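First up is the structure itself, then whatever we jot down about it.
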Amino acid sequence: MPLSLTPIMPGFAAEAGGLDLSSPLDSPDIRAIEAAMDEHAVLVFRGQALAPEAQLRFAQNFGKLDLGFKKASKAPNRLAHEALLDISNVDETGQVADRNHRKIVGNLANQLWHSDSSFQNPPARYSMLHAVVLPAAGGETEFADMRAACDALPPAQRQRLRELRAEHYALHSRFLLGDDDYSEAQRQAIPPVVWPLVRRHPGSGRELLFIGAHASRVLELSVAEGRLLLMDLLEHATQPRFVYRHAWRPADLVMWDNRSTLHRGRPFDLAARRELRRTTTLEAASAQ
Ligand code: OGA
Ligand code: MN
């Protein structure tokens, strides 16, 4: 069966059916998914129980796998595959981690609006998050449409933003949450990168706002002015009219484009087990 799409919001997010993601996809299916991502930016596949190997194989259809997060993490990866990111509150012994465990703060940083790996070059292209165990309440994931947010800006402001660039730094979101216990070597392990505030999506041709919790300052402005601008843009871009909230069910796989969207997790009871697994692919190398 070919890919079928049911839009969730006008022009943003769609439920995708018709494919079994656990078996190899042929190239028309892969191209159909890429075209759907260009249009909708978030795809929700329901009822896809995927073994780690199958999730990795699915991701590899869409580019090189992102391994950069290893450098930013203070906790060992519980999953036996280095390209499979453990988005869970479970410690290395398999128990729900204590709320003071070093892994939890990294997890909490996911509750700030962000674009995965925007702090490295190349940054992330697609992220694919697969739900395994979910808490009874909370723990949704929200997605905001950075293309619609960009389109909605007054033309003069949009023109001004086209001339500005932001620095993105891996530890900025950790510092925001008060987690600053890093050595000089850890601080320098992932040097910051610079991206224009407004980028053009290579697939859709649409302009988008490239912001989020890794953006630490605007090069052309003072630190204070730049941070205020970034906060203002984030407030604009995450208004409810631009946001899809995904309520997870076990065996969901949600795939998003990290250029066209920001995302964040929502709070849940940290004593309740929540286990998801993420694969991420990289953008084609860029000199931007
Ligand atoms: C991620 C992420 C949010 C969540 O996996 O990249 O930000 O709801 N997750 O777990
Ligand atoms: Mn994320």
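Just so it is clear, none of the values below were taken in a lab; they were calculated from the coordinates. Every value quoted in this text rests on a predicted model; they were computed, and no experiment measured them. Backbone-built Cβ (ideal geometry, glycine too); neighbour counts: all protein chains shown.
Are any of the residues in the range 106-114 within 12 Å of ligand 1 (Cβ to nearest atom), over 17 Å from the mean Cα position of the chain (by Cα) and part of a loop (DSSP other than H, G, I, E, B)?
Of the residues in the range 106-114, the ones within 12 Å of ligand 1 (Cβ to nearest atom) are 106-114.
Imposing the further condition that a residue be over 17 Å from the mean Cα position of the chain (by Cα) reduces the set to none.
No, the range 106-114 has no match at all.
Counting residues in the range 78-92 that are in contact (Cβ under 8 Å) with a residue 40 or more places away in the chain and more than 20 Å from the chain's Cα centre (by Cα) gives one or more. Being farther than 18 Å from residue 126 by Cβ, within 16 Å of ligand 1 (Cβ to nearest atom), touching a residue at least 40 places away in the same chain (Cβ under 8 Å) and not charged (D, E, K, R) is a property that does not hold for residue 261. Among the residues of the range 247-258, the one identified as exposed (fewer than 14 other Cβ atoms within 10 Å of the Cβ) and within 13 Å of ligand 1 (Cβ to nearest atom) is 247. Being assigned to a strand (DSSP E or B) and under 30 Å from residue 90 (Cβ atoms) holds for only one residue in 131, 185, 136, 213, and it is 131.
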